[in-house]
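See below for the structure under consideration.
The values are calculated or read from the model by the stated rules, or taken from the named source; none is laboratory data. All of these numbers come straight from a predicted model, not from anything done at the bench. Cβ atoms come from the backbone with ideal geometry, glycine included; neighbour counts cover every protein chain shown.
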Amino acid sequence: MRPNITIVIPDPYIPLDEYCRRTGMSKSTAENLISYGKLPIKPKGAQKRGLVEVNMAALTVMVLSECDVSLNA
């Protein structure tokens, strides 16, 4: 029987600057990953120049889907 693991995402969205600070990634690298679709962000809608927020929930799911893990919500 496989164990159940609970993953808590305390901040579902964080500003791009905070993401770069936490990961040590340069802002230009993060912006490139966003443009390539490798770093999910919160949709800005009509605000083209609004705050860019990284979608940590989607990023967590994306990373877990690359592992041999079954995801049940």
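Brief remarks follow.
- Met1 being modelled with pLDDT of 95 or more, out of contact with any strand residue (DSSP E or B) (no Cβ under 6 Å at 6 or more places or on another chain) and part of a loop (DSSP other than H, G, I, E, B): no
- Residues in the range 38-73 that are β-branched (Val, Ile, Thr) and part of a loop (DSSP other than H, G, I, E, B) were compared, and the one that is farthest from Thr6 (Cα to Cα) is Val52.
- Residues satisfying the stated conditions in the range 16-37, i.e. at pLDDT 95 or above and not in a helix (DSSP H, G or I): Gly24, Met25, Ser26
- Residues in the range 1-30 that are over 17 Å from Leu51 (Cα atoms) and of a type in the set (A, V, I, L, M, F, W, C): Met1, Ile5, Ile7, Val8, Ile9, Met25.
- Odd one out for Ile34, checked against (1) within 30 Å of Arg2 (Cβ to Cβ); (2) within 11 Å of the chain's Cα centre (by Cα): (1)
- Every residue from the range 1-41 that is loosely packed, with under 14 Cβ neighbours inside 10 Å, within 11 Å of Leu59 (Cβ to Cβ) and free of Cβ contacts under 8 Å to residues at least 12 places away in the same chain: Thr23, Lys38
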